[in-house]
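Quick note: the coordinates plus some simple rules give every number you see, no bench work behind them. Keep in mind that what you see is a predicted model, and the values were worked out from it rather than measured. Quick reminder, even Gly has a Cβ in these numbers, built from the backbone with ideal geometry, and neighbours come from all protein chains shown.
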Ligand SMILES: Nc1ncnc2c1ncn2[C@@H]1O[C@H](COP(=O)(O)OP(=O)(O)OP(=O)(O)O)[C@@H](O)[C@H]1O
Ligand SMILES: [Mg+2]
């Protein structure tokens, strides 16, 4: 079997008592991709990962790995090693023995164990540190030992549950880059769990956004950011401005929408079809709006600057419009210019994202 789909989840549900934690999850994951499960605390990320690894039995649905139904297989027969948040290295064992652990359990011949551990250590660039103990290594190195331990099993898929959460910010970024390059170099299939949106955007081929045990969106980081399918996704990833609108006209991939109490209209470029009279939500990112630089026919709002915040590369403005709705607008590279008092803010039609709500 070498279909490009490595992991196939159909209708997967998991219940703890009366808590429906996973709700009919359908998901197909391609070989060789870095996939991130993203969502707030308690949305079911770990539960799904543990269900894939075989630590939980699901209540409904199918889990297939490489075409094989694994619902009834124990964890060690699934080939899905999991690296936990706390790495779970054995403190009393050397790095070599930690990495060799899974092979020891399988009672592989000594020479094979030597070879495979050596090669796994080389892959994570830790050659020469085999005789150290975990406490003699940095957090990032320990993280790589945990990866080597998964790699040594030659598994088709590696599951990582918030593996960087106990590293400090700078090291976290370094290990993030390293992890991604190991994955790409070796063509590994990795599922990575995080609730950190920047981590998800920067590392992933695809992101799965979870909302209370269900998948709201599955897509590339760019799609998730620029084309969120639900208000929840738009709000969870990055910062955005929402505005209610009604469709007045739709033709050739452009909609005319009406918004605000003064019933202004603007043109919006969209992918999906909408119908006249349909209520929709517009999402406009702070960096997609301009201040005092409007073009005719554009989305325009007038208001006044309530406050602003200097963030180095940009100035973030909080602007109250005539309906007393607050807008967040980022202005980049403006030097010493500061906007004050009455302003107009605007966005080009391809910077406005329309979300269907019905
Ligand atoms: N073994 C368990 N028994 C009962 N309830 C559980 C169990 N494990 C998780 N839950 C519940 O299932 C829900 C999802 O938990 P899960 O650990 O999957 O969330 P998560 O998305 O990983 O959150 P976090 O980001 O905080 O790690 C929560 O409401 C949690 O309380
Ligand atoms: Mg978790």
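Relative contact order of the chain: 15 percent, from C-alpha pairs under 8 Å at least 6 residues apart in sequence.
Counting only the backbone N, which residues of the range 46-62 are under 17 Å from the spot 7 Å out from the Cα of residue 165 toward its beta-carbon? It comes to 46-51, nothing else.
If a spin label sat at a point 7 angstrom from the Cα of residue 313 along the line to its beta carbon, no backbone N atom of the range 337-352 would be nearer than 17 Å. For the peptides 21-34, 139-152, residues were scored by their other Cβ atoms within 10 Å and the scores averaged per peptide; the highest-first order is 139-152, 21-34. Does the range 238-349 classify as rounded, prolate or oblate by the C-alpha gyration tensor (a ≥ b ≥ c root eigenvalues; a/c under 1.5 gives rounded; else a/b over b/c gives prolate, otherwise oblate)? It is prolate, given that a/c is not under 1.5 and a/b is the larger ratio. Taking Cα atoms only, the orientation of helix 139-151 departs from the longest principal axis of the chain by about 70 degrees. Between residue 340 and residue 19, the contour length at 0.36 nm per residue exceeds the alpha carbon distance by 110.5 nm. Distance between the modelled labels on residue 196 and residue 112, one decimal in nanometres: 3.8 nm (7 Å Cα→Cβ projection). Helix 169-186 and the longest principal axis of the C-alpha atoms of the chain enclose an angle of approximately 70°.
Scoring 234-246, 109-121 by mean Cβ neighbours within 10 Å over their residues and listing the highest first yields 234-246, 109-121. Between the C-alpha center of the range 310-336 and that of the range 224-238 there is a gap of 20 Å. Quick check: from the Cα gyration tensor, does the range 72-154 come out rounded (a/c under 1.5), prolate or oblate? Oblate, since a/c reaches 1.5 and b/c is not below a/b. For the range 1-131, the relative contact order is 21 percent, taking Cα pairs closer than 8 Å that sit 6 or more residues apart in sequence and dividing their mean separation by the residue count. Contact order, relative form, for the range 44-112: 21 percent (alpha carbon pairs under 8 Å, 6 or more residues apart, mean separation divided by residue count). Available extension along the chain between residue 174 and residue 296 is 39.3 nm, counting 0.36 nm per residue and deducting the alpha carbon span.
Measure nothing fancy, just the Cα-based angle from helix 95-105's long axis to the longest principal axis of the chain, in degrees from 0 to 90, nearest 10. The helix 95-105 is inclined about 70 degrees to the chain.
The calculated FRET efficiency for residue 249 paired with residue 60, based on their beta-carbon distance and R0 = 41 Å, is about 0.40.
Sorting the segments 310-318, 341-349 by their mean number of nearby beta carbons within 10 angstrom, highest to lowest, gives 341-349, 310-318.
The order of 13, 18, going from fewest to most other C-beta atoms within 10 Å of their C-beta, is 18, 13.
If R0 is taken as 35 Å, the Cβ-Cβ distance between residue 88 and residue 239 corresponds to a FRET efficiency of 0.45.
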